[in-house]
1. Given the criterion outside any loop (DSSP other than H, G, I, E, B) and buried (at least 19 other Cβ atoms within 10 Å of the Cβ), identify the matching residue among I45, I99, I16, I68.
2. How do the pairs read when you match residues in the range 150-171 that are closer than 12 Å to D9 by Cβ with residues anywhere that are among the hydrophobic types (A, V, I, L, M, F, W, C), using Cβ under 8 Å and keeping only pairs 6 or more apart or on different chains?
3. For the range 71-91, name all the residues that are open to solvent by 60 Å² or more (accessible area, probe 1.4 Å), among the aliphatic types (A, V, I, L, M) and touching a residue at least 24 places away in the same chain (Cβ under 8 Å).
4. So Q187 ticks every box in (1) farther than 21 Å from L19 by Cα; (2) among the polar types (S, T, N, Q); (3) open to solvent by less than 20 Å² (accessible area, probe 1.4 Å) but one. Which box is left unticked?
5. For the range 171-190, enumerate the residues that are hydrophobic (A, V, I, L, M, F, W, C) and closer than 17 Å to N2 by Cα.
6. From R159, R169, R140, R94, which residue is of a type in the set (K, R) and open to solvent by less than 50 Å² (accessible area, probe 1.4 Å)?
7. Within the range 102-124, track down each residue that is out of contact with any Ser or Thr (no Cβ under 9 Å at 6 or more places or on another chain) and buried (at least 17 other Cβ atoms within 10 Å of the Cβ).
Amino acid sequence: MNIFRLLGDLSHLSSIFILLHKIQTSRSCRGISFKTQALYVTVFITRYLDLFHTWVSFYNFVMKLIFIGSSVYILYLMKIRYRPTHDPSIDTFRVEFLIAPAFFLGLLFNYSYSITEVFWSFSIFLESIAILPQLFILQRTGEAETITTHYIAALGAYRGLYIPNWIYRYFAEDLIDPISITAGLVQTGLYLDFFYVYFTKVLQGQKFELPA
């Protein structure tokens, strides 16, 4: 594992801890998209179907458990414990328009026609667009709590850090993964507008507000 992959994973973990901290301390899911979180559960479960029959490393095994467990726990908090604080009237993105194309691409582009490989490819494509319901809420409300923006920023940084990881692996290991790279570039691109506002406002101590 190289430093860029490690930093990306740590950024991903930090995004989860930031979100859990926001929900637990405020006792509220306000401004968080349940649909995005449900998509992430789908991503992790379908990606890690090999959890108990393919051993990579202890680190890899633990990270898979953390991602699956934490994402399911977040759904529990949003759907049960703090359900009254979630406003479904603003979380209206049609996720079937994300799941169906991602599954089609997973069938079309994969490295072997096995169940685990097709679902792995599906999870990669779905993850690249899973943030859209959350960004849709931002666009719809025009604002967000600062801690929510930190969560989204950490999530975006995680994928952005994978770009130098892919470059490193190409030169150091002669390895290229066109599925992950293509989906990752799309995913990173979706964050560009958000990061512009985040850097020019939130990191300057101002409230996150989208231009009118």
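1. Result of the check over I45, I99, I16, I68: I16.
2. From the range 150-171, the pairs are A154/I18; L161/F4; L161/L7; Y162/F4; N165/F4.
3. The one that is open to solvent by 60 Å² or more (accessible area, probe 1.4 Å), among the aliphatic types (A, V, I, L, M) and touching a residue at least 24 places away in the same chain (Cβ under 8 Å): V72.
4. (1)
5. Listed by number, the residues that qualify are F171, A172, L175, I176, I181.
6. After applying the criteria, what remains is R159.
7. F103, S121
The values are calculated or read from the model by the stated rules, or taken from the named source; none is laboratory data. Predicted, not measured: the structure shown is a model, and the values here were computed from it. Every residue, glycine as well, gets a Cβ built from its backbone with ideal geometry; the counts of neighbours run over all protein chains shown. Protein only, heavy atoms only, side chains kept; ligands, DNA and RNA dropped before computing areas. Shrake-Rupley method; radii C 1.70, N 1.55, O 1.52, S 1.80 Å.
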